[in-house]
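Chemist: Sharing a structure with you now.
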Amino acid sequence: MALPNLWGLYNLRSSPFFQATLRADSQAMPLRLFVGRQRERQLLLTTIGSSASSRQAVAGRPGIGKTTLVQTVKADAQAEGYWSSDEIIPISADGASEHLLGQLLSGVYDAVLANCPTATGPEVEAAQQLVRSIRLRGGGLTLSAFGLGVGGSQSESVATPPGALLLDGPRVLRDLLRYAMDQGARGIVLHLNNLENLSEADASRAADLLRGIRDQALLHDGLHLIVVGTTDAVRTVVQSHTQIRSVFSNPLVLEPLALGDVEQLLANRYGALQLDEVRPWRSPVEGAVVQRLYELFRGDLRGLLKALEDGITALLGLTSAGADVTPVGLDDLLLSLRQRNQAELQEQLGDTAWERLLAWAGVDAASIQTQAQLVELWQVKQPSVSQTLQQLIEAGAVEALPRRGREAIQYLMTGTARLAL
């Protein structure tokens, strides 16, 4: 028996509410579906095109579209003669500065091979040896008895002394960049991500690692870096140290997409996923649904799309194949999501944290709270408030807003929590 495609009821091949990042190499999620952010896109491209090397940062709330913007900028730059790859380089607080240098070298090497598969020469061979060593050892580097290499057994190799990659890596990186330019590249654009998952302490550590390789790796001609993450993490990483702040542009902080752009984004997806080109696609939801979720999620596009997918999937599961369906209305979707989100959050949080979330909603689910205000509201001591907030954040019910100077951190319920209450 063939598996039913319930999205086919709307003449769609699959769910248009996917949350994965658009990619240049994806047929299901191509970059041509990108919508909006023309000003930000042009600012990033202008900086790349106006200098021999550049270092930029894109910041904003989780789910606002930072990674997709940078993937689009990389594709734009590629069309103008710059080299890049679809890979995203993670920044981690683990390891030492040479590990981050190795990640950058690997990124440049991948970009060279992606754009020049037949690349050869001493510069490429030297980079290949280092990159293979780094990857085979999970980010570390080994030396064989005869020098750098990947051959031999475990007993024939010894650990590299600390900082060894910092000695050879910058030269190999510089030579590889020059090789790319000689082959016609206008430069290489790398995307450094993962700052959405760093704690304050980890972000400070990542800032130290970046400072440690500034002169050896960040300033080479032909290298263009874009660092991406949440606002607080990005500011900590690129603005904590004068040495890094002086070579990075001010972070570009993204505002939420306009409602009209979100509606256009969905229409583009419906068109791209049209199942039968003879028949028009149909929107699975009424316009009021998108407007209401837009208000609840306040710029969290990923959260909005997940809510649409979860709610509509549950409702479509109750629909018979071949039925004549209409777009899902606001009341039906909200009821479906409320039942689903309540069950999931109660299970994740336990009774105490759930009751405290209810107390917050009893005041105003859309209100911004500080820890001091929650001490009064919940009638518990500050350590207990801090612990509960950590639970709520991990469950996706609350988010910390970007800091304003030395003011107390402000907290806000996510759309997921507000849909449950």
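The values are calculated or read from the model by the stated rules, or taken from the named source; none is laboratory data. Owing to the predicted nature of the structure, the values given are computational and were not obtained by experimental measurement. Note that we place each Cβ from the backbone using ideal geometry, even for glycine, and neighbour counts take in every protein chain shown. Remember, those area values only see protein heavy atoms, side chains included, never the ligands or the DNA or RNA. Shrake-Rupley method; radii C 1.70, N 1.55, O 1.52, S 1.80 Å.
Chemist: Since Val238 meets every condition but one in (1) surrounded by fewer than 17 Cβ atoms within 10 Å (Cβ to Cβ); (2) in contact with a Pro (Cβ under 9 Å, 6 or more places away or on another chain), which condition does it not meet?
Modeler: Tallying (1) surrounded by fewer than 17 Cβ atoms within 10 Å (Cβ to Cβ); (2) in contact with a Pro (Cβ under 9 Å, 6 or more places away or on another chain), Val238 fails exactly one: (1).
Chemist: Right, next: Out of the stretch 369-393, which residues are within 17 Å of Pro62 (Cα to Cα) and touching a residue at least 40 places away in the same chain (Cβ under 8 Å)?
Modeler: Of everything in the stretch 369-393, just one residue is within 17 Å of Pro62 (Cα to Cα) and touching a residue at least 40 places away in the same chain (Cβ under 8 Å), namely Leu392.
Chemist: Please enumerate the residues belonging to the stretch 108-126 that are closer than 11 Å to Trp83 by Cα and assigned to a helix (DSSP H, G or I).
Modeler: Those that are closer than 11 Å to Trp83 by Cα and assigned to a helix (DSSP H, G or I): Val108, Tyr109, Asp110, Ala111, Val112, Leu113, Ala114, Asn115.
Chemist: I need a count of the residues in the stretch 406-421 that are assigned to a loop (DSSP other than H, G, I, E, B) and either open to solvent by 30 Å² or more (accessible area, probe 1.4 Å) or in contact with a Phe, Trp or Tyr (Cβ under 7 Å, 6 or more places away or on another chain) (or both).
Modeler: Result for the stretch 406-421: 6.
Chemist: It is to be established whether one or more residues within the stretch 38-60 are over 30 Å from Glu277 (Cβ atoms), assigned to a loop (DSSP other than H, G, I, E, B) and open to solvent by less than 10 Å² (accessible area, probe 1.4 Å).
Modeler: Checked the stretch 38-60: at least one residue is over 30 Å from Glu277 (Cβ atoms), assigned to a loop (DSSP other than H, G, I, E, B) and open to solvent by less than 10 Å² (accessible area, probe 1.4 Å).
Chemist: Which strands (runs of 3 or more DSSP E) sit wholly inside the stretch 131-196 and have at least 3 residues that are at pLDDT 70 or above and in contact with a helix residue (DSSP H, G or I) (Cβ under 7 Å, 6 or more places away or on another chain)?
Modeler: Answer list for the stretch 131-196: 188-193.
Chemist: Still on this structure: Pull out all pairs, ordered by first then second residue, where Cβ-Cβ is under 8 Å, the residues are six or more apart or on different chains, the first lies in the stretch 16-37 and is within 26 Å of Gly311 (Cα to Cα) and open to solvent by less than 20 Å² (accessible area, probe 1.4 Å), and the second is modelled with pLDDT under 90 and not hydrophobic (A, V, I, L, M, F, W, C).
Modeler: Close Cβ pairs (under 8 Å, with a partner that is modelled with pLDDT under 90 and not hydrophobic (A, V, I, L, M, F, W, C)) amount to Leu22/Pro30; Pro30/Arg23.
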